[in-house]
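Structure first, then comments.
The values are calculated or read from the model by the stated rules, or taken from the named source; none is laboratory data. This one's a predicted model, so the numbers in the text were calculated from it and none came from an experiment. In this analysis, Cβ positions are derived from the backbone assuming ideal geometry, glycine residues included, and neighbour counts consider all displayed protein chains. Quick note on the areas: whole protein, heavy atoms, side chains included, nothing else; ligands and nucleic acids left out. Shrake-Rupley method; radii C 1.70, N 1.55, O 1.52, S 1.80 Å.
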Amino acid sequence: MIDDLPGGLTARHLAESDHPRVLAVVDAWWGGLKGPAGAVERALLLPRLYFQHFTTTSFVVERDGGEGEGEGEDAGQLSAFLVGFLSQTEPDAAYVHFVGVDPHLHGQGIGRSLYRAFFALARSHDRRYVHCITSPQNTASQSFHTRLGFTASVVKPDYDGPGLDRVTFTIDLTAS
């Protein structure tokens, strides 16, 4: 499914059973960014519905062979995930809602591989643009998206509600 992952890692589409696994790691992977309020915000951004209705456009990366503490008989240790979907409103757009990589695996190209797979999926559905957002405090995410070729907006105050400022990103898949 994703051919350019480091050795020992495999990818598959997201499943509903991945919901508790992702929620169990997401706060630690973000290093407690924005404290307890940030933890609540991240959990609220990943409701089960994404794991039910966007499975064919989302990915999970796991260690091969069930290493670690994965859930279920066949599950390996969760290493990364990307939750994305094709826009229902904009027929030329797709959206990456949430992506995470185990911090111990940063710098190995896993996030880039997930995005490349999503870009290929978006292109296969005739989508030209991919959009995503991050918080202004998440400077690592902003740098990562810029390196991938996304164009960043200025900080948009109250984008997701009072006090929930965001930086938006867009990439034109025909330019890359």
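The Cβ shell under 10 Å around Phe51 holds other residues with a net charge of 0, Lys and Arg each +1, Asp and Glu each -1. Across the chain, the mean sequence separation of Cα contacts (distance under 8 Å, 6 or more residues apart), normalised by length, yields a relative contact order of 18 percent. Couplings 3J(HN,Hα) for region 132-142, derived from phi with the Karplus relation 6.51 cos²θ - 1.76 cosθ + 1.60 (θ = phi - 60°), are 7, 9, 8, 7, x, 6, 8, 5, 5, 5, 4 Hz, where x marks Gly and Pro. When +1 charges are put on Lys and Arg Cβ atoms and -1 charges on Asp and Glu Cβ atoms, the dipole computed for region 1-141 relative to its Cα centre reaches about 540 debye. For region 100-176, rounded, prolate or oblate, judged on the Cα gyration tensor with a ≥ b ≥ c (square roots of eigenvalues), a/c < 1.5 rounded, else prolate if a/b > b/c? Because a/c hits 1.5 or more and a/b fails to exceed b/c, region 100-176 counts as oblate. With the simple model of a label 7 Å out from the Cα in the direction of the Cβ, Asp27 to His104 spans 2.0 nm. In order along region 38-46, phi translates into HN-Hα couplings of x, 5, 5, 4, 4, 5, 5, 7, 10 Hz, rounded to whole numbers, per the Karplus curve 6.51 cos²θ - 1.76 cosθ + 1.60 with θ = phi - 60° and x for Gly and Pro.
Accessible area per residue (1.4 Å probe, heavy atoms of protein chains only) ranks His104, His125, His19 as His104, His125, His19, with the largest value leading. Summed over the residues of the chain and divided among them, the accessible surface reaches 51 Å² per residue at a probe radius of 1.4 Å.
Here the gap between Thr170 and Ser17, fully extended at 0.36 nm per residue and compared with their Cα-Cα distance, gives a gain of 52.1 nm.
Its DSSP H runs of at least 4 residues, each contributing -39,500 (n - 2.57), put the calculated 222 nm mean residue ellipticity of the chain at -9000 deg cm²/dmol, to the nearest 500.
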